Amino acid sequence: MNLRAIAQVRSNFRSVTETTNGSDRLTNSFYGFLFGENPILRQLFPAAMDMQRERLVAAISYLLDILDDTERAVGFLEQLGRDHRKYGVEGDHYPLAGRALHSALRAYTGPAFWTNSIDEAWLDVIDLIVTSMANGADSDDLPSHWEATVVEHRKILDDLAVVRLQADVPVPYDTGQYLPVRTPQRPRMWRYLSPAIPANDYGELEFHVRKVSGGWVSPSMVNETQVGDRWTMAAPLGGLRVDLTSGADVLMIGSGTGIAPLRAQIMEMTTRGINPRVHLFVGGRFPCDLYDLGTLWQISLSNPWLTVVPISEFDTDPWWHTGPTIEPPFGMHQRLTGEIGSIVASFGSWSDRQIQVAGSPTMISSTVRALLDAGTPASRIQHDPV
Ligand SMILES: Cc1cc2nc3c(=O)[nH]c(=O)nc-3n(C[C@H](O)[C@H](O)[C@H](O)COP(=O)(O)OP(=O)(O)OC[C@H]3O[C@@H](n4cnc5c(N)ncnc54)[C@H](O)[C@@H]3O)c2cc1C
């Protein structure tokens, strides 16, 4: 696609989603067209559609952000197509979804603003979505899901648990990717989790799960998971990775359980003799949220290419925290206090680095904004869709 067409679809999508309730109205309209014309498809989706709606807008926004890199965009869409197999969505469903998306965008933009050139630009994007997702769904001969048994559930903080599992057969993810996960406590709800250890031949998995207040699934993962529970994982997604051939050093910025995919990649790098320098900024709201400093410190001791800098938003733990205070081990960089994105950007633009950002949606967007404001080229920054 040419740059003008990409700019047009980006600006049209922003104008739709940034109006009050725009995202909700667009997605309601999309599912209205989709289920109205193909009622049989409704049964493939969960009863509560809130999460589907959020994910649809997040996926399109992410796609539009990376659209000028066609290879990356196609890779992302193929993964999404494979991911949707867990709902029973097949290749020939995508043209129906493409038509519904086109109708929803046209209806919601309104005839006064829906010009021929916007129409053509969206048709190109929708064609890319439909073709790539259908290819992803049809060309994959892997199973649509894998089963694993919980072998350890350890509450590290009141709102955070480490869950270790033994998969029946190894899940074929690339280190740095994330997996759709379903638990027996919430059998119809899939949530994404990032493995915190590298993929391995033994089927061992480790997830770090934070309880999101008011969430449907994460509180039960943190509080109700039992050893022996059977979890289900679907096809891996995402492409966070260190390019070892580029010669560029690495900047990783992770907050909360967002450190999981970064930690996994660092662990994988420790198995290699030569690595680029890695600066890892690890953030949390309070000092007690820096729950994994001990492990990261141990890794940095025997891997001089790794520097770990802890950051917390507040300087002291909250009054309700009754566990031990976590202070950086002697010899580690002192903990800095403040907003992680602003602190990292205050050191400069890091424009010669390959950069990965991982954490909550708010943390990712504020960190990316701080880096862009400091002059970092957008093409240097990787993050998962939020
Ligand atoms: C690529 C990716 C990787 C992820 N990896 C991990 C991981 O390794 N560990 C982990 O604990 N979580 C991870 N998450 C988040 C996880 O998938 C769920 O979104 C989260 O656990 C909340 O699910 P829930 O059902 O409890 O909340 P929901 O019922 O889905 O949502 C409740 C409310 O909380 C908001 N919300 C959802 N997620 C967050 C969040 N992360 N921070 C703040 N507010 C939120 C929603 O917008 C909604 O308003 C990842 C998400 C993505 C997109």
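The values are calculated or read from the model by the stated rules, or taken from the named source; none is laboratory data. Bear in mind the structure is a predicted one, so any value in this text is a computation, not a measurement. When we count neighbours, we look across all protein chains shown, and the Cβ atoms used for this are built from the backbone with ideal geometry, even at glycine. Note: areas computed on protein heavy atoms with side chains; ligands, DNA, RNA excluded. Shrake-Rupley method; radii C 1.70, N 1.55, O 1.52, S 1.80 Å.
Any idea of the accessible area per residue across the stretch 145-234, 1.4 Å probe, to the nearest Å²?
Numbers: 3960 Å² over 90 residues.
Each residue of the stretch 145-234 exposes 44 Å² on average to a 1.4 Å probe.
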Original post:
At what distance in nm do the modelled label points of residue 298 and residue 149 sit from each other, each positioned 7 Å from its Cα along Cα→Cβ?
Top reply: 2.5 nm
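So what is the 222 nm mean residue ellipticity for the chain from helices alone, if each DSSP H run of at least 4 adds -39500 (n - 2.57) and you divide by all residues, rounding to the nearest 500 deg cm²/dmol?
-12000 deg cm²/dmol
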**OP:** Report, for the chain, the % of DSSP beta bridges that are antiparallel, rounded to 5.
**Re:** 55 percent
Subject >> Solvent-accessible area, 1.4 Å probe, carbon plus sulfur percent, for the chain >> reply: 52 percent
**OP:** Find how many whole Å separate the alpha carbon centroid of the stretch 249-278 from the alpha carbon centroid of the stretch 1-33.
**Re:** 35 Å
**OP:** With all protein chains present, calculate the accessible area of residue 360 using a 1.4 Å probe and round the result to the nearest 10 Å².
**Re:** 60 Å²
**OP:** Calculate how steeply helix 116-138 sits against the longest principal axis of the alpha-carbon atoms of the chain, using the helix alpha-carbon long axis, and give the answer as 0 to 90 degrees to the nearest 10.
**Re:** 60 degrees
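Size of the dipole of the chain about the Cα centre, Lys and Arg at +1 and Asp and Glu at -1 on the beta carbon, nothing else charged, in debye to 20?
Numbers: 32 positive and 44 negative charges, 104 e Å.
Its charge dipole is roughly 500 debye.
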Original post:
Among 358, 305, 290, whose Cα lies farthest out toward the positive end of the dipole of the stretch 250-383, if unit charges sit on the beta carbon of Lys, Arg (+1) and Asp, Glu (-1)?
Top reply: 305
Original post:
For the pair residue 336 and residue 70, how long in nm is the line joining their label points, each one 7 Å along Cα→Cβ?
Top reply: 4.0 nm
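Tell me, what is the per residue accessible area of the stretch 250-377 in Å², probe radius 1.4 Å? Intermediate results must be reported in sequence, preceding the final value.
On the way: 5620 Å² over 128 residues.
Per-residue value: 44 Å².
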Subject >> Helix 70-83 vs. the chain, principal-axis angle (Cα, 0 to 90°, nearest 10) >> reply: 90 degrees
Original post:
So, in nm, how far is label residue 38 from label residue 307 when the simple model puts each one 7 Å beyond its Cα toward the Cβ?
Top reply: 5.2 nm
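When ligands, DNA and RNA are left out and all protein chains stay put, how many square angstrom of accessible area per residue does the stretch 3-138 have with a 1.4 Å probe? All intermediate terms of the calculation are to be shown ahead of the outcome.
Details: 6620 Å² over 136 residues.
About 49 Å² of surface per residue is accessible.
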Subject >> residue 263 accessible area, assembled protein chains, probe 1.4 Å, Å² >> reply: 10 Å²
Original post:
Accessible area, 1.4 Å probe, largest first: how do 227, 9 sort?
Top reply: 227, 9
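How much FRET efficiency would the formula 1/(1 + (r/R0)^6) give for residue 321 and residue 185, where r is the Cβ-Cβ distance and R0 is 30 Å, rounded to 0.05?
0.70
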**OP:** Would you mind checking the tilt of helix 94-109 against the longest principal axis of the Cα atoms of the chain, expressed as 0 to 90 degrees and rounded to 10?
**Re:** 80 degrees
Subject >> For the stretch 156-173 and the stretch 85-132, distance of Cα centres in Å >> reply: 37 Å
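Taking square-rooted eigenvalues a ≥ b ≥ c of the alpha carbon gyration tensor, is the stretch 3-138 rounded, prolate or oblate, where a/c under 1.5 means rounded and, failing that, a/b exceeding b/c means prolate? Can you show the working numbers first?
Numbers: a/c = 1.64, a/b = 1.17, b/c = 1.40.
Because a/c hits 1.5 or more and a/b fails to exceed b/c, the stretch 3-138 counts as oblate.
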Original post:
Which Cα, out of 29, 58, 1, lies furthest along the positive dipole direction of the stretch 1-72 (beta carbon charges, K/R +1, D/E -1)?
Top reply: 29
